[in-house]
Each structure stands twice: as C-alpha cells, then as structure tokens.
Amino acid sequence: MASNSTRWGIMGASRIAHDFMVALKTLPEIEHTVVAVSSRSLERATEFAVRHKIAKAYGSYKELAEDEDVEVVYVGTIHPEHALLCKLALSHGKHVLCEKPITLNLKNTKELFDLAKVKGLFIMEALWTRFFPLYAEVKNLVDSNILGEIRVAMVSFGISADHVERLQDPAMGGGALLDVGIYCLNIVDMIFGGQEPTSISAMGQKTPAGVDSTVTITMLYAENRTASLTISMAAQLPNEAVFAGSQGSLTIHSPFHCATKFTSPAGTKEYPLPKPSMPLNFVNSTGMRYEIEAVRKSLLSSETQNSTMPWSTTERIFRWMDEIRRQLGVVYKEDI
C-alpha cells in the first residue's frame with residue numbers, strides 16, 4: 001500500500017458496491033486501496049472480499065467503522081440504511097462517499113452535514129453524473145450560447161421495475177423519485193446553474209403501497225425557462241435529456257445520467273469509458289471512477305465538501321424532492 005494511497009472501506013457487499021470496485025480498478029493502484037468490506041452477513045462480506053481481493057471482511061458495519069486502516073467509507077447499501085451508516089462512519093472519524101439518495105429527506109440530510117461539519121470530515125452524495133467529462137463539455141457549450149437562450153428542458157427516466165421489491169416498499173424508501181427522478185432533477189440543476197425554480201408542480205400515479213410509480217414534474221424558472229420531467233418505475237422511457245434554446249437544441253443520449261454521447265448544433269461528440277475488468281451490474285458503471293477521483297482530490301486538499309457536488313446542491317435537490325413527495329402524498333416513516 002502506497003503511503004499516500006486513499007484507503008477505502010466498503011459498507012455493503014451489494015451489486016452497486018461491486019460496480020464501484022470495478023470502477024476503482026480503472027484508476028492507478030498507487031492512488032486507491034480498498035482495505036476492508038463489511039456486510040450484515042460475514043459470509044457475503046467474505047465472498048465479496050475474495051472476489052475483489054480485499055484483505056479484510058467484517059460481518060458488521062461497526063467493525064469497519066472502527067478499523068483504523070480505513071480512511072474513507074463508501075456506503076452502497078439500501079436507501080433507508082444510508083443515514084444510519086453515514087452517521088456511524090462519521091462518528092468514528094471516517095470520511096464518507098454515500099450512494100444517492102444520501103438520506104430519504106432534507107431534514108436527515110442536514111443532520112449528516114451538521115455532524116460532518118462538527119467533526120471536520122468530508123462527506124458527499126455520490127451523484128456520479130456530476131463528474132462525467134461529458135457534462136462539463138455540455139455545460140460549456142450551453143454557457144457559450146450555442147443554443148441561444150435556453151427555454152425548455154425535457155428529461156425522461158423510466159425503468160420497468162415491477163419485480164424490484166425494494167422500489168415498491170415505502171419502508172425501503174421506494175418509489176421512482178428517489179431512485180431515478182433524482183437524476184432528472186440533477187441534470188436540470190446542472191444545466192440551469194443551480195437556479196431555484198419559481199414553482200414546482202407534480203402529478204402522478206402511486207402504487208397500492210403508497211409510493212410514486214409514474215410522475216410528471218413541471219418546473220418553472222425565471223427568464224421563461226421550463227423544465228418538464230417524466231419519471232417512472234412502471235415503464236421503460238427514452239431516458240434522454242433535451243435542452244432547447246432560441247437557436248437550437250442539445251440532446252444528451254440515453255442513458256443520460258451516465259452518458260457517453262451528446263448531439264448539439266456543433267455535431268455529435270462521444271466520451272468512451274474504460275472497459276470493465278469484470279462484468280457490471282449497471283450500465284456504464286466504470287464512470288464511477290470520476291467521482292472516486294474527485295473524492296481523493298478533496299481529501300488531499302483537506303476539503304470537507306467537493307465544489308462539483310457541494311452540500312448546498314444536495315440540500316437543494318432534496319428540498320425539491322420533499323416538495324414533490326408532499327404534492328404526491330408519498331410519506332416515509334423518516335418524515336414523521
């Protein structure tokens with residue numbers, strides 16, 4: 001292990017954690033070392049450790065939090081566990097990168113950031129989209145006025161997920177909004193430069209269990225800008241993002257949340273990703289390498305926040321999601 005290597009601990013021997021490991025392995029070994037993995041099941045943690053050549057496996061998250069070799073924790077568990085595990089890691093002096101959504105609501109998110117501030121520790125929600133090189137180029141083009149004045153954003157993200165039990169269960173933080181809708185809100189926030197909408201209107205269908213299944217969201221902005229979002233866990237949608245202005249439009253092609261291709265008036269441009277060394281569970285997951293790099297840079301600079309995904313951005317998007325759920329009547333026990 002290199003003396004200046006970023007030392008990771010993995011909470012959750014999950015499918016997304018597997019992809020995280022594959023993405024991390026596309027980066028220089030001298031810069032990143034995974035020293036331990038933990039799960040509620042020692043058997044699962046051990047299997048994960050063997051598969052990814054990790055030295056230590058723990059059958060509890062507390063053991064990993066107490067491991068002095070771990071510098072920063074990646075939380076890749078189910079949604080309702082995120083807040084608790086982030087608190088556990090922070091309380092033991094660990095920096096944190098947590099899968100989205102970092103919690104289930106704004107209140108719990110602020111509590112995490114308050115704790116990190118008191119502890120002087122880094123924490124970031126893993127909205128990996130923000131770190132893809134493609135999006136920096138898209139933002140530069142938009143800011144160059146190649147599209148003229150941006151008037152309309154149209155974004156869709158839908159998956160057919162009737163078979164995914166956690167998405168159907170409010171106790172698991174289920175619903176389309178927190179799973180895929182967060183990406184739609186994020187891309188609009190990115191391209192619109194963090195501007196607050198003047199109004200948000202949401203309508204949709206709920207499942208018998210009370211979580212959002214298909215939702216349409218209209219966001220009105222100053223300067224006559226409108227964002228129209230459609231999200232669903234009941235049907236596959238185009239999963240593209242289109243930004244239209246007075247002089248043309250730009251399309252971020254599917255899957256827009258981890259895109260490798262976009263088309264603008266200047267033509268089509270592609271940003272290929274590194275090939276994975278092992279099969280992936282989710283599309284384009286080697287793109288997680290960019291957020292992993294960003295965490296290392298922040299830690300080397302002794303930052304508690306990353307400027308590309310600061311706490312204020314996470315809080316803003318959670319404020320919108322809380323309002324959308326309020327309008328839909330979707331309530332989690334964490335809200336009460």
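Filtered by the rule that a residue be surrounded by fewer than 20 Cβ atoms within 10 Å (Cβ to Cβ) and out of contact with any Phe, Trp or Tyr (no Cβ under 9 Å at 6 or more places or on another chain), the range 287-319 gives 296, 297, 300, 301, 307, 310, 312, 316, 319. Of all residue pairs spaced 6 or more apart or on separate chains, those with beta-carbon atoms under 7 Å, a first member in the range 78-90 that is within 9 Å of residue 61 (Cβ to Cβ) and in contact (Cβ under 8 Å) with a residue 60 or more places away in the chain and a second member that is of a type in the set (A, V, I, L, M) and crowded, with 22+ Cβ neighbours inside 10 Å are 85/11; 85/75; 89/65; 89/73; 89/96.
Count of the range 150-164 residues, restricted to those that are modelled with pLDDT under 95 and either under 18 Å from residue 217 (Cβ atoms) or touching a Gly at 6+ places or on another chain (Cβ under 9 Å) (or both), is 1. What about residue 76, is it of a type outside the set (A, V, I, L, M, F, W, C), at pLDDT 95 or above, touching an Asp or Glu at 6+ places or on another chain (Cβ under 6 Å) and under 19 Å from residue 295 (Cβ atoms)? So residue 76 passes the test.
Restricting 235, 244 to those that are surrounded by fewer than 16 Cβ atoms within 10 Å (Cβ to Cβ) and either without any contact (Cβ under 8 Å) to a residue 40 or more places away in the chain or over 16 Å from residue 186 (Cα atoms) (or both) reduces the list to 235. A search for C-beta distances below 7 Å between a residue of the range 13-28 that is farther than 13 Å from residue 291 by Cα and any residue that is of a type in the set (Asp, Glu) and outside any helix (DSSP H, G or I), counting only pairs 6+ apart in sequence or on different chains, returns 16/99. Residue 210 satisfies every condition listed in (1) within 21 Å of residue 257 (Cβ to Cβ); (2) crowded, with 16+ Cβ neighbours inside 10 Å except (1). Of everything listed in (1) surrounded by fewer than 18 Cβ atoms within 10 Å (Cβ to Cβ); (2) closer than 22 Å to residue 136 by Cβ, the single unmet condition for residue 276 is (2). From the residues in the range 217-231 that are over 14 Å from residue 183 (Cα atoms) and of a type in the set (S, T, N, Q), which one is surrounded by the fewest Cβ atoms within 10 Å (Cβ to Cβ)? By that ranking, first place goes to 224. Would you check if residue 110 is surrounded by fewer than 20 Cβ atoms within 10 Å (Cβ to Cβ), free of Cβ contacts under 8 Å to residues at least 40 places away in the same chain and within 24 Å of residue 317 (Cα to Cα)? In short, no.
Considering 295, 242, which residue is among the aliphatic types (A, V, I, L, M), farther than 24 Å from residue 14 by Cβ and not in a loop (DSSP other than H, G, I, E, B)?
Working: 295 fails: farther than 24 Å from residue 14 by Cβ.
Result: 242 is the single residue among 295, 242 that is among the aliphatic types (A, V, I, L, M), farther than 24 Å from residue 14 by Cβ and not in a loop (DSSP other than H, G, I, E, B).
Could you say whether any residue in the range 92-102 is on the phi > 0 side of the Ramachandran plot and more than 15 Å from the chain's Cα centre (by Cα)? For the range 92-102, residues on the phi > 0 side of the Ramachandran plot and more than 15 Å from the chain's Cα centre (by Cα): present.
Which members of the range 12-58 meet the condition of being in a loop (DSSP other than H, G, I, E, B), among the β-branched types (Val, Ile, Thr) and touching a Lys or Arg at 6+ places or on another chain (Cβ under 8 Å)?
The answer is 26, and nothing else.
Of all the listed residues (44, 40), the sole one being surrounded by fewer than 22 Cβ atoms within 10 Å (Cβ to Cβ), in contact (Cβ under 8 Å) with a residue 24 or more places away in the chain and more than 22 Å from the chain's Cα centre (by Cα) is 44.
From (1) more than 20 Å from residue 76 (Cβ to Cβ); (2) assigned to a loop (DSSP other than H, G, I, E, B), pick out the condition that doesn't hold for residue 251. For residue 251, the failing item is (2).
Just one residue in the set 18, 79, 52 is over 16 Å from the mean Cα position of the chain (by Cα) and either surrounded by 15 or more Cβ atoms within 10 Å (Cβ to Cβ) or more than 25 Å from residue 166 (Cα to Cα) (or both); that residue is 52. One residue is enough: does the range 177-197 have a residue meeting the conditions surrounded by fewer than 21 Cβ atoms within 10 Å (Cβ to Cβ), out of contact with any His (no Cβ under 9 Å at 6 or more places or on another chain) and among the β-branched types (Val, Ile, Thr)? No, the range 177-197 contains no residue that is surrounded by fewer than 21 Cβ atoms within 10 Å (Cβ to Cβ), out of contact with any His (no Cβ under 9 Å at 6 or more places or on another chain) and among the β-branched types (Val, Ile, Thr).
The values are calculated or read from the model by the stated rules, or taken from the named source; none is laboratory data. These numbers were taken from a predicted model, which means no experiment stands behind them. Cβ coordinates were reconstructed from backbone atoms using ideal geometry, including for glycine residues, and neighbour counts include every protein chain displayed.
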